[in-house]
Amino acid sequence: MDDLLYFFHKPGLLPSRPHLYLLLKEAATDLGQLKSSDLIAAVLLYEYQFASIGLKAFTVVDRTGGALIAPPEIRILIAARMRDIFIKRGAHVAFLTVDATGHESPEAELSEGSQGKNSHLWKIRHRHYPSHLELKDTFDDTLATINKKTRTNLRYYRKRAEAELGAHFLPEISVSEDELIAFNKECSYAVSDDVVRWRFKSHKLLQGPFMMGIKDKDNRWLSILAGRRVEDRTELLWQLNRNDMGQQHSIGTVMRSYYIEEEIKRGSRRLSSDHGTPHPMTNSFVHRDLYDIAVVRSPLRKLFTRAGTKYLHNDNPLAELLADETQPWHKAGSAPKTSRRNEPATPPAHA
């Protein structure tokens with residue numbers, strides 16, 4: 001939940017406003033007097049808006065389970081409770097992700113009959129998510145944990161770029177907005193000028209921002225990478241790689257090599273990437289067991305499925321789950337019940 005201003009200002013289809021749900025041990029009349037000891041869990045979501053009107057469409061900023069904060073042993077229970085809250089309060093559509101790593105039977109626990117009106121449908125999906133790369137004390141020790149082909153490439157392409165392109169790494173850089181826009185146009189997977197402007201301006205909202213780059217012998221940018229540091233964790237937010245180098249140089253891999261080494265020097269213990277990364281090094285990431293939960297008002301299911309497919313990004317988890325025909329829909333209040341294992345004695349009574 002660090003750097004919320006950055007994540008809430010991300011460009012998207014519609015503006016949104018945050019909703020923080022606090023699940024308490026006892027009912028409270030004065031929220032200003034709450035203490036952390038009064039809390040069982042917290043869930044951060046945002047609601048899409050149109051013309052400042054809430055659309056009763058809720059989703060998470062963090063698709064890796066970080067929007068639900070609770071002790072590991074009750075996270076599934078909290079996720080099920082939030083599903084029931086969405087149903088009872090008449091959400092048109094809602095999406096939540098929970099990290100269930102270590103749970104013996106999360107699907108059985110989540111599949112228990114939901115409470116509330118039968119005007120809603122809900123479904124769940126399991127994802128095995130590459131969470132982060134654990135960093136060792138040295139660059140070589142870290143590479144030893146990565147599969148042979150990838151660690152060979154991380155060394156080979158870096159040496160080749162240095163020898164043939166005169167590539168040199170700059171661990172701390174400062175660029176102008178115009179310079180970043182111009183470089184973006186020369187890169188693979190270029191984004192719009194508006195997104196570049198947002199990236200440039202929002203970088204200043206971060207608590208621990210960093211930007212690094214690689215230049216060639218002619219002082220041209222080859223790659224720029226930006227992210228944030230929080231304590232001993234580092235997250236990559238975006239990366240731009242020049243697209244006229246050809247596959248023989250693999251500039252993206254060159255940057256990853258420098259990036260990993262630099263973060264180890266700075267004392268980071270884990271690397272992650274906002275929205276994941278297609279780089280093969282993810283095969284060596286620590287994986288987490290995530291469960292997505294979608295709730296939708298029954299008459300609106302087909303409408304939201306079509307709208308999600310048409311308007312949301314193709315890797316949007318809500319759109320994916322709504323359209324996933326391999327996962328069955330359950331009616332609220334009528335899903336088959338199964339036994340739970342290791343369930344806490346009592347669920348939170350107040351939200």
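The values are calculated or read from the model by the stated rules, or taken from the named source; none is laboratory data. On a predicted model such as this, the values are computed, not experimentally measured, just so you know. When we count neighbours, we look across all protein chains shown, and the Cβ atoms used for this are built from the backbone with ideal geometry, even at glycine.
Step by step: first the residues of segment 158-212, then only those that are outside any loop (DSSP other than H, G, I, E, B) and small (Gly, Ala, Ser), then the one that is nearest to the chain's Cα centre (by Cα). Which residue is that? Out of the qualifying residues, it is SER202.
Return the residues of segment 183-205 that are closer than 19 Å to ASP216 by Cα and surrounded by 14 or more Cβ atoms within 10 Å (Cβ to Cβ); say none if nothing qualifies. PHE183, ASN184, GLU186, CYS187, listed by residue number.
For ILE87, the criteria (1) over 22 Å from the mean Cα position of the chain (by Cα); (2) surrounded by fewer than 21 Cβ atoms within 10 Å (Cβ to Cβ) hold in every case but one, which is (2). Under the condition of being under 16 Å from HIS9 (Cβ atoms) and among the aliphatic types (A, V, I, L, M), the residues counted in segment 183-241 number 7. Annotation: of all residues in segment 273-282 being farther than 30 Å from TRP122 by Cα and in contact with a Lys or Arg (Cβ under 9 Å, 6 or more places away or on another chain), the one that is modelled with the lowest pLDDT is HIS279.
Restricting to segment 90-114, name every residue that is within 18 Å of PRO18 (Cα to Cα), crowded, with 22+ Cβ neighbours inside 10 Å and not hydrophobic (A, V, I, L, M, F, W, C). Correct list: THR97 only. Residues of segment 122-149 that are surrounded by 14 or more Cβ atoms within 10 Å (Cβ to Cβ) and in a strand (DSSP E or B): TRP122, LYS123, ILE124, ARG125, HIS126, ARG127, TYR129, PRO130, SER131, HIS132, LEU133. Taken over segment 241-259, residues that are out of contact with any helix residue (DSSP H, G or I) (no Cβ under 6 Å at 6 or more places or on another chain) and of a type in the set (A, V, I, L, M) amount to 2.
Here's the yes/no breakdown for (1) modelled with pLDDT of 95 or more; (2) among the acidic types (Asp, Glu):
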residue: ILE224; (1), (2): yes, no
residue: THR234; (1), (2): yes, no
residue: ARG242; (1), (2): yes, no
residue: HIS249; (1), (2): no, no
residue: VAL254; (1), (2): yes, no
residue: GLU262; (1), (2): yes, yes
residue: LYS265; (1), (2): yes, no
